[in-house]
Amino acid sequence: MTDGVRSTTRPGQRPREVATHCPYCALQCGMTLRTDGAAVTVAPRQFPTNRGGLCQKGWTAAELLDHPERLTTPLLRDPATGELRPATWDAVLARITDGVRAAQRGHGRDAVAVFGGGGLTNEKAYALGKFARVALRTRHIDYNGRFCMSSAAAAGMRAFGVDRGLPFPLADLGRADTLLLVGANPAETMPPLVRWLTEQRERGGKLIVVDPRVTATARLADLHLQPLPGTDLAVANALLHVALTEGWVDKEYVDARTTGFEAVRRNVAGWWPARAEALSGVPVADLEATARALGTAGRAIILTARGAEQHAKGVDTVTGFVNLALALGLPGRPGSGYGCLTGQGNGQGGREHGQKADQLPGYRKIDDPAARAHVAGVWGVPADELPGPGVPAYQLLDALGTDGGPRALLVFGSNPVVSAPRAARVESRLRDLDLLVVADFLLSETAALADVVLPTAQWAEEDGTMTNLEGRVLRRTALRPPPAGVRTDLEILAALAERLGGPAARQRFPTDPATVFGELRRASAGGLADYAGISWERVETSDGAFWPCPDADGPDSPRMFTDRFATPDGLARFHPVEHRPAAEEVCARYPLHFTTGRVLAQYQSGTQTRRVAALRRAAPEAFVELHPDLAHRLGVGDGEPVRVVSRRGEFRAPARLSPAIRPDTVFAPFHWGGAARANSVTNDAVDPVSGMPEFKICAVRVEKV
Ligand SMILES: Nc1nc2c(c(=O)[nH]1)N[C@H]1C(S)=C(S)[C@@H](COP(=O)(O)OP(=O)(O)OC[C@H]3O[C@@H](n4cnc5c(=O)[nH]c(N)nc54)[C@H](O)[C@@H]3O)O[C@H]1N2
Ligand SMILES: Nc1nc2c(c(=O)[nH]1)N[C@H]1C(S)=C(S)[C@@H](COP(=O)(O)OP(=O)(O)OC[C@H]3O[C@@H](n4cnc5c(=O)[nH]c(N)nc54)[C@H](O)[C@@H]3O)O[C@H]1N2
Ligand code: SF4
Ligand SMILES: [Mo]
């Protein structure tokens, strides 16, 4: 293998080589990082998820380590000029402490809020949750995983009693006779995963993709269903309807392992395929073929991702596919099941250790007295001092700076100015804060608004653990220390805790990741996501360990649900779910459906990947994908700038004409800010159960500029 792109150099370090993982998505591809004492190079490494593959983002990840725009000194907004100026750590920590105290004195403890991220290591996610509850004693903490995993998580919780994205190893995908991908485009979002799809088809398996666009993934499929965005739930119910009529439902499994089927059976009885076709545009014959492929397969797997989940009915939509999987007897059967493709690097671990508004470590509920007592015991604080549940991410952002809302916000690992729905509103809320603090290693659009910017370490500069899309806990290993002047997130939290609460408070926030992980294991012990048996050493020298793993000498859990589900009676739960329209429907003024997503060479809000030269060349700017027939009607040519307008705002980008999209639907990636920000138009309607915003559908019009 050749080496990846070299970073620019930072001389004076010792030559070294470490086995670690990519900083970006949940596949957590294995990589080897080397430094000759100056430059850093990336090479792919064999790991069960990537089997030696990397995508372009992974190959080029080291370029940011010594990037000219890397933040290496704290920044403080100068009240006189309004500009961000370099400052000492002492000055910025004092500014934060004063701001936090002033907000809490004037408006109570909940006047300070924390916003985390699914890219943070397990240790940082855990420390951040503890910092909010113990050092700030605020109920207001939530994170960007709310925009990502929350609908699948809520659906998994209510059906299986636990939420682990894939309850089986990724390798199972290669062995499925039928694999159904709903709203997932792994060929762009997790390219090395395509190996498993190739293996699956080489073994004679059938791949079916549900996506309103003919994506790179859909091109691999034996069958592509191209629904109108927001109609997956109708499709799911119709598939179960066909399975019932054709006798493919596994009655023995349903009787032995589930409860609640009768209500679902009655409900889907009314979901004739023709009814789903009328809503979704997916032909009856394709619905029947899909149901047959699933219902008659020896091994079948159903996976959902953001296309199905990022809707105001995302929880019910996922539940529709979970119902189908349960009725066919898939979950827990070898090589079969339902799963969700987790997105961010630590999207799974990030949702287990207490960054969620309603949650304590170990995936415990913050309003459960037993959970509070256990975690308070580990933290050495009285249980009644722990705050109660806060509010989900969008609700939190929407309340910032308003009457009764938080006055100060600390952001670690997210860039909501670009990535939140109805982003102009969120931006204005952030501007109304008395204090905005952002920890980042680059000046993201959100950091650019901050009063204080804290330069933090990058992935190659600190140890830690991550939990990948399979629930596999793995080790990230530091290659070299952070540059002078930069602190790790753990060090920042410890310094703030000390300023706010003195040396005793400082004691509660260790800065050594292995020590934090040890505490996290104790806090998680006995919880749903039990890490107690996963030692630092256990994951250092192996391919990682799957939670739950309660016992240091006991096995981990690559496959869940083989005998029982995580519900009190061990049975999975069916829930009848009904299709409903999107929160915003098309009309004469806004006649087109707008949906959003990703391209291979850019990551998320783009803070990182827009600064990598090779990725910028591969995907230099935003675009608006339009069907040629629609473009013709609008009088727009390929590459011409267009304006996309919704009730909430507008953005501009060049048109990209493509027959791969439905003529009634327009698509744009959300990786860019400024005038090309797709989230200027997206809808802030959220799912009532999960709080997930409806990123995947709203009503727009497209105008030639
Ligand atoms: N290159 C790249 N890779 C990434 C990321 C990235 O930003 N860039 N981010 C990571 C993260 S955090 C995540 S969450 C994952 C996301 O991974 P994916 O879920 O695969 O990514 P998306 O592009 O958001 O959405 C997938 C597909 O949903 C389709 N879609 C839109 N609306 C609908 C609908 O109503 N129904 C259906 N069935 N499909 C619909 C879109 O056309 C798109 O092709 O990717 C991870 N990997
Ligand atoms: N329209 C639309 N909007 C979407 C989506 C969509 O499909 N469509 N998808 C949503 C989804 S699934 C997601 S996950 C969100 C993601 O959107 P964001 O939450 O904005 O995620 P990132 O762009 O990864 O932002 C991470 C920021 O933290 C910094 N960072 C990275 N690692 C660390 C660290 O260890 N410590 C600290 N302190 N900082 C760090 C990075 O430099 C970057 O600025 O976007 C959501 N927004
Ligand atoms: S697929 Fe994900 S983890 Fe693998 S190299 Fe690409 S971004 Fe990194
Ligand atoms: Mo995500």
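Here are some notes:
- Selection of segment 297-316 for residues being of a type in the set (Val, Ile, Thr) and within 16 Å of ligand 2 (Cβ to nearest atom) yields Thr304, Val315.
- 1 or more residues in contact (Cβ under 8 Å) with a residue 60 or more places away in the chain, within 16 Å of ligand 2 (Cβ to nearest atom) and in contact with a strand residue (DSSP E or B) (Cβ under 9 Å, 6 or more places away or on another chain): qualifying helices (runs of 4 or more DSSP H) within segment 150-217: 150-160, 186-189
- Of the listed requirements (1) outside the structural domain of Arg429 (by TED's automatic domain parsing); (2) of a type in the set (Val, Ile, Thr); (3) surrounded by 24 or more Cβ atoms within 10 Å (Cβ to Cβ), Thr81 misses just one: (3).
- Within segment 120-129, one or more residues are more than 16 Å from ligand 1 (Cβ to nearest atom) and among the small types (Gly, Ala, Ser).
- Looking across segment 460-491, the residues that are surrounded by 21 or more Cβ atoms within 10 Å (Cβ to Cβ), more than 16 Å from ligand 1 (Cβ to nearest atom) and part of a strand (DSSP E or B) come down to Gly464, Thr465, Arg472, Val473, Leu474, Arg475, Arg476.
- The one condition from (1) farther than 22 Å from Asn468 by Cα; (2) in a loop (DSSP other than H, G, I, E, B) that Leu324 does not meet is (2).
- Residue pairs whose Cβ atoms lie under 9 Å apart, separated by 6 or more positions or on different chains, with the first residue in segment 424-446 and touching a residue at least 60 places away in the same chain (Cβ under 8 Å) and the second assigned to a helix (DSSP H, G or I) and basic (Lys, Arg), are Leu435/Arg95; Val437/Arg95; Leu442/Arg611.
- Search result, residues across segment 101-124 that are closer than 20 Å to Leu500 by Cβ and within 16 Å of ligand 4 (Cβ to nearest atom): Phe115, Gly116
- Within segment 1-31, the set of residues being aliphatic (A, V, I, L, M), more than 16 Å from Pro482 (Cβ to Cβ), at pLDDT 95 or above and surrounded by fewer than 21 Cβ atoms within 10 Å (Cβ to Cβ) comprises Ala19 only.
- You will find that of Pro555, Pro581, Pro568, the residue that is within 15 Å of ligand 1 (Cβ to nearest atom), over 22 Å from the mean Cα position of the chain (by Cα), surrounded by fewer than 17 Cβ atoms within 10 Å (Cβ to Cβ) and assigned to a loop (DSSP other than H, G, I, E, B) is Pro581 and no other.
- Selection status of Leu324, within 16 Å of ligand 2 (Cβ to nearest atom) and closer than 30 Å to Ile661 by Cβ: no
- Residues satisfying the criterion are present in segment 182-200 (criterion: under 22 Å from the mean Cα position of the chain (by Cα) and at positive phi).
- Among the residues of segment 24-67, the one identified as within 16 Å of ligand 2 (Cβ to nearest atom) and at positive phi is Gln28.
This table checks each residue for (1) within 16 Å of ligand 3 (Cβ to nearest atom); (2) surrounded by 23 or more Cβ atoms within 10 Å (Cβ to Cβ).
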{"site": "Val134", "(1), (2)": "no, no"}
{"site": "Ile141", "(1), (2)": "no, yes"}
{"site": "Ala153", "(1), (2)": "no, yes"}
{"site": "Leu180", "(1), (2)": "no, yes"}
{"site": "Ala184", "(1), (2)": "yes, yes"}
{"site": "Arg201", "(1), (2)": "no, no"}
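- Boolean, Ala305 is away from ligand 1 (no atom under 16 Å from the Cβ) and of a type in the set (A, V, I, L, M): no
- Checking the stated criteria, Gly320 turns out not to satisfy the condition of being farther than 30 Å from His241 by Cβ and either touching a Gly at 6+ places or on another chain (Cβ under 9 Å) or within 16 Å of ligand 1 (Cβ to nearest atom) (or both).
- Reported count of residues in segment 677-695, each being aliphatic (A, V, I, L, M) and farther than 12 Å from Val645 by Cα, is 4.
- Ala61 at pLDDT 95 or above and within 16 Å of ligand 4 (Cβ to nearest atom): no
- In segment 350-361, the residues that are on the phi > 0 side of the Ramachandran plot form Cβ pairs under 6 Å with partners that are of a type in the set (A, V, I, L, M, F, W, C), at six or more places apart or across chains, as follows: Gly354/Leu360.
- When Leu600, Leu626 are checked against the criterion of being farther than 26 Å from Val315 by Cβ, surrounded by 21 or more Cβ atoms within 10 Å (Cβ to Cβ) and outside the structural domain of Pro212 (by TED's automatic domain parsing), Leu626 stands alone in meeting it.
- Restricting attention to segment 584-642, the residues that are within 22 Å of the chain's Cα centre (by Cα), charged (D, E, K, R) and assigned to a helix (DSSP H, G or I) add up to 2.
- Thr49, sole failed condition from (1) of a type in the set (Ser, Thr, Tyr); (2) closer than 25 Å to Leu490 by Cβ; (3) surrounded by 15 or more Cβ atoms within 10 Å (Cβ to Cβ): (2)
The values are calculated or read from the model by the stated rules, or taken from the named source; none is laboratory data. Just so it is clear, the structure is predicted and the values come from calculations on it, not from any experiment. Quick reminder, even Gly has a Cβ in these numbers, built from the backbone with ideal geometry, and neighbours come from all protein chains shown.
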